[in-house]
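The values are calculated or read from the model by the stated rules, or taken from the named source; none is laboratory data. All of these numbers come straight from a predicted model, not from anything done at the bench. Every residue, glycine as well, gets a Cβ built from its backbone with ideal geometry; the counts of neighbours run over all protein chains shown. Ligands, DNA and RNA are stripped out before the accessible areas are found, and what is left, the full protein with its side chains, is counted by its heavy atoms. Shrake-Rupley method; radii C 1.70, N 1.55, O 1.52, S 1.80 Å.
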Amino acid sequence: MKIGFFDSGIGGLSVLYEARRAMPRADFLYYADCDRAPYGEKTEAEVQAYVFSAVEFLLSKGAEAIVLACNTATSVAIRALRERYTVPIIGMEPAVKRALDLSPEGRILVTGTPITLRGDKLRELIGGLDAAHRVDLLPLPGLVKFAERGEFSSSAVEEYVRGELLPFHLPDYSVLVLGCTHFNYFKDTLAAVLPPTVRIVDGNEGTVRQLIRRIGGVPTDGTGELTCYISDRPVTDPAEQARIATLLARLDLLFQGEA
Ligand code: DGL
């Protein structure tokens, strides 16, 4: 079975990483729309058009299920995609429920792109779960730009994160939610900047669990092949292949402790 993964760029590789670990024999297509990233500060209409064209592309390459490994794309396009296509389409949204379940007290800081954080989808999710008003929102679009240029742990990254967290009284917080797949690459910097009592949660595991459920179990018929595309171009250039390999190696390092 071929499963198509989509993200505006390299962020969704973090979800793909988990999926490959859980389904070593499934074949994957990964579409990174790096030419048009970042999405988070564009208009909803622009992003929706990009997502439709990428999904159409993945289906033309034989994808039998689609994972929107992008909270921003999910926020603006998942309803319309499910109306148009019959293949399973799995989306991502910030792990607010998990954060609230993990921490019966304390504040929750949900990070994401501006589109995701202002979207109705997230507002509805929080409205239905957060009766005690414990959730705060923090857009971090700068991290997407750092990630796309491969800058993960520089002093500029740390300064940006510290600056954005400045208005928050961090000892009040117990969980920080990574509501953008690009933010996974910064787990180490975030952990260094946040008080040690703040847990960092992502939505990767839940998404993979949902994927397995929607496709009827872990596929056993493939060879574990991964084919990557950058905005419709197959990744054949050795420099681009090396870039993907380096990113997967970084994820290996960051996620090792969580296995
Ligand atoms: N990785 C994406 C997300 O999960 C979006 C990043 C962007 O392009 O702004 O929201």
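Phi-derived couplings, Karplus 6.51 cos²θ - 1.76 cosθ + 1.60 at θ = phi - 60°, listed residue by residue for the range 22-31: 7, 10, x, 9, 6, 9, 10, 10, 10, 10 Hz, with x used for Gly and Pro.
Bridges between two residues of the chain, per DSSP, are antiparallel at a rate of about 5%.
Expressed as a whole percent, the accessible surface of the chain that belongs to carbon and sulfur atoms is 52, based on a 1.4 Å probe.
For the range 90-97, backbone phi angles converted through the Karplus equation (6.51, -1.76, 1.60; θ = phi - 60°) give residue-by-residue couplings of 9, x, 10, 9, x, 7, 5, 5 Hz, Gly and Pro being listed as x. Calculated on the Cα set of the range 133-259, radius of gyration then Dmax: 17.2, 51 Å.
For the chain, the longest principal axis of the C-alpha atoms and the axis of helix 71-84 are separated by about 40°.
Can you work out the FRET efficiency for the pair R214 and E124, with r the C-beta to C-beta distance and R0 = 22 Å, to the nearest 0.05? Here the calculated transfer efficiency is 0.55. Seen against the Cα atoms of the chain and their longest principal axis, helix 238-255 is set at about 40 degrees.
When the charge dipole of the chain is built from unit charges on Cβ atoms (+1 for Lys and Arg, -1 for Asp and Glu) and taken about the Cα centre, the candidate among G222, Y160, F57 whose Cα reaches farthest toward its positive end is G222. Axis angle, to the nearest 10 degrees, between helix 155-165 and the longest C-alpha principal axis of the chain: 60 degrees.
Among Q48, Q210, Q241, the residue with the largest mean-square fluctuation in a Gaussian network model of the chain, with springs joining Cα atoms closer than 10 Å, is Q241.
Charge dipole (Cα centre; +1 on Lys/Arg Cβ, -1 on Asp/Glu Cβ; no other charges) of the chain amounts to roughly 440 debye. Average accessible surface for the range 118-259: 52 Å² per residue, computed with a 1.4 Å probe over protein heavy atoms with every protein chain in place. Excluding same-chain neighbours fewer than eight residues apart, the lysines reachable from K121 by a Cα-Cα span under 20 Å are K42, K97. Counting only residues at least eight positions apart within a chain, or on another chain, the aspartates and glutamates with an alpha carbon under 14 Å from that of K187 are E151, E158, D202, D252, E258.
Amide H to amide H distances under 5 Å link V235 with C228, Y229, I230, where only residues 5 or more positions off or on other chains count and H is placed in the peptide plane.
Straight-line cross-link reach from K145 at under 12 Å between alpha-carbon atoms covers these aspartates and glutamates, not counting any fewer than eight positions away in the same chain: E41. Amide H to amide H, with H built 1.01 Å from N, A63 comes under 5 Å of no residue 5 or more places away or on another chain. Here the 3J(HN,Hα) profile of the range 137-153, calculated from phi with Karplus coefficients 6.51, -1.76 and 1.60 at θ = phi - 60°, is 10, 9, x, 10, x, x, 5, 5, 5, 4, 4, 5, 9, x, 9, 10, 9 Hz, Gly and Pro shown as x. Accessible-area rank, largest first, for D27, D252, D7: D252, D27, D7, with all protein chains present and a 1.4 angstrom probe. For the set S103, S154, the ranking by accessible area, highest first and with no ligand, DNA or RNA atoms included, is S154, S103 under a 1.4 Å probe.
Spin-label model, E240 to E205: label points 7 Å out along the Cα-to-beta-carbon direction sit 3.4 nm apart. Convex hull volume per residue, computed on the Cα atoms of the chain, equals 123 Å³. Note on R25 and L226: their simple-model spin labels are 2.0 nm apart, each label 7 Å out from Cα toward Cβ. Applying both filters, DSSP loop and at most 15 other Cβ atoms within 10 Å, to the trypsin sites (Lys or Arg not before Pro) of the range 76-161 gives R149.
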